[in-house]
Amino acid sequence: MLLELGSKVAYTYRSNHTHQLGTLAIPADVTNKTAMAQVAEQVENKPGTIYGIVPNADITKDNFFPKLTSADWDAVMDTNLKGVYKTLKPIIPKIYDHLSGSVVCISSTSGEQGNLGQTNYAPSKAVVIGLTKSLAREAAMYGVRVNLVAPGFIETDMLNPISEKVKQRILSEIPLSRFGKPEEVAWAVPFLLSPLASSYITGTVMGVNGAHHT
Ligand SMILES: NC(=O)c1ccc[n+]([C@@H]2O[C@H](COP(=O)([O-])OP(=O)(O)OC[C@H]3O[C@@H](n4cnc5c(N)ncnc54)[C@H](O)[C@@H]3O)[C@@H](O)[C@H]2O)c1
């Protein structure tokens, strides 16, 4: 989508990668501090000045709290929360140096209102909301905006483990009566990245959830 809108795009991937023509694809694990620092250097080298960044990587290890292992707790925090830190840490000073830019973090309605079986995932996503709002206050001094997209239930692989019965219960709670589509979430990102479309929007949480959370 960003490419179609004329942006230069670099992205990281960990596995199952199909290269998108016209982009720079870099293999990197967000839990690896050194790798993420190298990503920042590589992107500034080519395609060049970093204007925007979207920390998006996540995992889920759902279970009811008594059955949740500390390994599953740590894995989710390492990727979803510390991964955001390790992604942003080397890039934010570069964006500040350029005195303009936009950061779009990705959270979840689960991080806003909690969810069954997600006592690890929900807090990992909730903390990213606090990080976004705090960073927005600091980054404003450098002309940089920081926002967050919080998707509801979206038709991706994430829905696969959910039984049909539970899906029907969730659908009954969504006022738009359907799950979202990936592109409906994706459109929020170029909007919040764009200095034309969203220049006075910062520190905000944009829900894309069919009014599931209001
Ligand atoms: N799908 C939904 O219903 C939904 C709902 C709310 C929020 N979200 C959020 O939207 C974002 C995208 O979710 P998605 O549904 O496309 O998930 P997805 O599982 O399809 O994509 C997540 C990506 O993160 C990558 N990843 C995982 N661990 C990594 C690591 N250590 N290093 C680098 N990459 C790693 C995976 O390889 C995968 O490509 C996530 O932040 C997710 O929390 C999704």
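Take the residues of the range 105-119 that are surrounded by fewer than 24 Cβ atoms within 10 Å (Cβ to Cβ), of a type outside the set (G, A, S) and not in a helix (DSSP H, G or I): which is nearest to the ligand (Cβ to nearest atom)?
So, considering only residues that are surrounded by fewer than 24 Cβ atoms within 10 Å (Cβ to Cβ), of a type outside the set (G, A, S) and not in a helix (DSSP H, G or I), the one nearest to the ligand (Cβ to nearest atom) is I106.
Is it the case that A75 is over 26 Å from H212 (Cα atoms) and without any contact (Cβ under 8 Å) to a residue 60 or more places away in the chain?
Numbers: over 26 Å from H212 (Cα atoms): yes; without any contact (Cβ under 8 Å) to a residue 60 or more places away in the chain: yes.
Yes: the conditions hold for A75.
Of all the residues that make up the range 41-62, how many are small (G, A, S) and away from the ligand (no atom under 13 Å from the Cβ)?
Initially, the range 41-62 is screened for residues small (G, A, S), giving 48, 52, 57.
Now restrict to residues that are away from the ligand (no atom under 13 Å from the Cβ): 48, 52.
Residues that pass the stated criteria total 2.
Out of L196, L171, L176, report the one residue that is free of Cβ contacts under 8 Å to residues at least 12 places away in the same chain and part of a loop (DSSP other than H, G, I, E, B).
On the way: L171 fails: part of a loop (DSSP other than H, G, I, E, B); L176 fails: free of Cβ contacts under 8 Å to residues at least 12 places away in the same chain.
When all the criteria are applied, what remains is L196.
When you look at P55, is it assigned to a loop (DSSP other than H, G, I, E, B) and crowded, with 16+ Cβ neighbours inside 10 Å, yes or no? Break it down stepwise before answering.
Working: assigned to a loop (DSSP other than H, G, I, E, B): yes; crowded, with 16+ Cβ neighbours inside 10 Å: yes.
Judged against the criteria, P55 is a match.
Would you mention how many residues in the range 199-214 are within 16 Å of the ligand (Cβ to nearest atom), within 21 Å of L131 (Cβ to Cβ), in a loop (DSSP other than H, G, I, E, B) and at pLDDT 95 or above?
So the count comes out to 1.
Out of the range 120-132, which residues are polar (S, T, N, Q) and either outside any helix (DSSP H, G or I) or closer than 14 Å to N147 by Cα (or both)?
To start, the set of residues in the range 120-132 that are polar (S, T, N, Q) comprises 120, 124, 132.
Within the range 120-132, N120, T132 qualify.
Would you confirm whether any residue within the range 196-205 is touching a Ser or Thr at 6+ places or on another chain (Cβ under 8 Å), under 17 Å from A136 (Cβ atoms) and of a type in the set (S, T, N, Q)?
yes
So which of G111, G48 ends up being at positive phi and not aliphatic (A, V, I, L, M)? Can you show your working first?
Values: G111 fails: at positive phi.
Answer to the selection: G48.
Which ones in the range 6-40 are of a type in the set (D, E, K, R) and either in contact with a helix residue (DSSP H, G or I) (Cβ under 8 Å, 6 or more places away or on another chain) or within 12 Å of the ligand (Cβ to nearest atom) (or both)? Working first, answer last.
Start the filter on the range 6-40 by keeping residues that are of a type in the set (D, E, K, R), which leaves 8, 14, 29, 33.
Within the range 6-40, R14, D29, K33 meet the criteria.
Can V84 be described as in contact with a Cys (Cβ under 9 Å, 6 or more places away or on another chain), assigned to a helix (DSSP H, G or I), without any contact (Cβ under 8 Å) to a residue 60 or more places away in the chain and within 11 Å of the ligand (Cβ to nearest atom)? Spell out the reasoning first.
Details: in contact with a Cys (Cβ under 9 Å, 6 or more places away or on another chain): yes; assigned to a helix (DSSP H, G or I): yes; without any contact (Cβ under 8 Å) to a residue 60 or more places away in the chain: yes; within 11 Å of the ligand (Cβ to nearest atom): yes.
Judged against the criteria, V84 is a match.
The values are calculated or read from the model by the stated rules, or taken from the named source; none is laboratory data. Remember, predicted model here, so these are calculated numbers, not experimental data. With ideal geometry, Cβ positions are generated from the backbone for all residues, glycine too; neighbour counts draw on all protein chains shown.
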